[in-house]
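The values are calculated or read from the model by the stated rules, or taken from the named source; none is laboratory data. Owing to the predicted nature of the structure, the values given are computational and were not obtained by experimental measurement. Don't worry about glycine lacking a Cβ; one is built from the backbone with ideal geometry, like all the others, and counts go over all protein chains shown. All accessible areas refer to the heavy atoms of the entire protein, side chains included, with ligands and DNA or RNA removed. Shrake-Rupley method; radii C 1.70, N 1.55, O 1.52, S 1.80 Å.
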Amino acid sequence: MFLRRLNLEDPRDREIAQELFLAAPEYEVDAFGRLPSNDMAQPLEGRFPSACAPEHRLTFAAFDHDRPLGLAQVALHMPSADAAALLLLLVPAPLRKQHVGCEIVERLSRQARRWPGISQWYLSVTDTNTGGLAFWRHCGFRTTATGLTAAGFTHTMHAMTRAVKQRPLCQRHGVPEDDAGVDARNLFARLR
C-alpha cells in the first residue's frame, strides 16, 4: 500500500476521491450520527474548516498498486498550532477489518513527522459511533474530552488525540515483544 496526495483541482484526482467517498455511503451515519443529506454532494474540498488555510488542506488516497483503497483528509495546524486534524478517513465496507484503515493512519503518521510543527493528531468522533471509537483506540488514540457539541450534529462528540510519533497498538504493525514471546520462526521472519 502507498499513499498519494491528491490535488482536488485535478479532474482525475477529484474523480478518485469522489469514487472512494461514494463507495462508503454509511460514512455520514457512522461518523456524524445522521442520515446522508445535501452536504453529501458537497465537494470534498468544501469539508475543510473555513479557518484552515488552503495550503494546510491535504487529501490523500491509499492505493494497492493502482486500485484505490481509502481516502483521508487532514487539516494542518488545527485545532492548535502543533496538531493535525484527521477530518475524514474512509475505507469502503468490503475492505474493513483488514487493517487498511490503521495502515493508512500509520502511513499518514510517517508523513506527519515531516510536517513542520506538527506533533499530535486530533480528531472527533460521535458518542454513538462505537465502531469508530473502537477503531481509533485500536490506532492508539485516547479520549481527551467528551460531551462536545457542534452545530448540525445530533450527538455529542469525543475529542481524541495521539502523538504523531506514538507506536501503534495494532498487532499488525508490530507489538513490542518480550524475550519469551520470540521463537525462532518469528525471529527469522523479521530478518527477511
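Measuring r between the beta carbons of Phe63 and Thr146 and using R0 = 22 Å, the FRET efficiency lands at 0.05.
With the simple spin-label model, which puts each label point 7 Å out from Cα in the Cβ direction, the Phe2 to Glu45 separation comes to 2.5 nm.
How much area per residue is accessible in region 66-124 when the probe is 1.4 Å and only protein heavy atoms are counted (Å²)? Can you show the working numbers first?
Values: 2510 Å² over 59 residues.
On a per-residue basis, 43 Å².
With 0.36 nm allotted per residue and the present C-alpha distance subtracted, the Asp127-Arg113 stretch has 2.1 nm of extension available. Computed over neighbours whose Cβ is under 12 Å from that of Tyr122, the net charge equals +1, Lys and Arg +1, Asp and Glu -1.
Assign one of three labels to region 57-167, namely rounded, prolate or oblate, based on the Cα gyration tensor with a ≥ b ≥ c the square roots of its eigenvalues; rounded applies when a/c is under 1.5, prolate when it is not and a/b is larger than b/c, and oblate otherwise. It would help to have the intermediate numbers written out before the result.
Details: a/c = 1.67, a/b = 1.15, b/c = 1.45.
Oblate.
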